[in-house]
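Readers should treat all values here as calculations from the given coordinates under stated rules, not as data from a laboratory. Note that the coordinates shown come from a computational prediction; the quantities given were computed from them, not determined experimentally. Because the Cβ atoms are built from the backbone with ideal geometry, glycine has one as well, and the counts that use them run over all protein chains shown.
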Amino acid sequence: MARKKRKLSSGQVHVRATFNNTIITVTDDHGNTVCWSSAGSLGFDGSRRSTPFAARLATEEAVKMAMGMGIREIDAFINGPGPGREASLRAMESMGLKILSITDVTSVPHNGCRPPKKRRI
């Protein structure tokens with residue numbers, strides 16, 4: 001059974017920028033995934049995967065697929081401390097998407113992890 005093509009006008013873009021990779025997920029307004037892309041899925045390997053350039057290409061790939069489904073305006077949700085944060089936002093803007101809001105959803109530890117035990121010499 002063939003699925004009919006989705007027609008959306010707005011959506012959400014979730015950017016997960018870690019130190020090793022950048023994952024971009026485009027969802028509809030309810031949070032259901034429409035399409036996604038990552039620096040690793042584009043063939044970047046090792047330390048090249050964690051560059052702003054790789055994040056920009058991954059964002060352009062995901063945004064092209066989303067624009068093919070009719071998405072023109074988005075809410076951006078940025079998560080993580082990686083180098084792909086600003087690069088992905090700039091790529092979205094340069095592709096012609098209208099960014100309605102930018103939200104940083106990076107989790108902040110209340111007290112952090114337990115520190116390692118003291119060294120004994």
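Here are a few things to note about the model shown:
- At most 15 other Cβ within 10 Å, DSSP loop - trypsin sites (Lys or Arg not before Pro), segment 1-53: R3, K4, K5, R6, K7
- A DSSP coil position with no more than 14 other Cβ atoms inside 10 Å describes the following chymotrypsin sites (Phe, Trp or Tyr not before Pro) in segment 1-92: F19.
- Helix 52-68 axis, angle to the chain major axis (alpha carbon atoms, nearest 10°): 30
- Helix-only [θ]222 nm of the chain, DSSP H runs n ≥ 4, -39500 (n - 2.57) each, per residue, nearest 500: -7500 deg cm²/dmol
- Label point 7 Å beyond Cα of L100 along Cβ direction - residues of segment 24-42 with amide nitrogen under 19 Å: 25-35
- Contact order relative to length of the chain, as percent, for alpha carbon pairs under 8 angstrom and 6 or more apart: 27
- Helix axis angle, 84-94 relative to the chain longest principal axis, alpha carbon, degrees: 20
- Cβ-Cβ FRET estimate between S41 and M69, R0 fixed at 25 Å, reported to 0.05: 0.85
- Long-range Cα-Cα pairs in segment 1-85 (distance over 17 Å), rounded percent: 44
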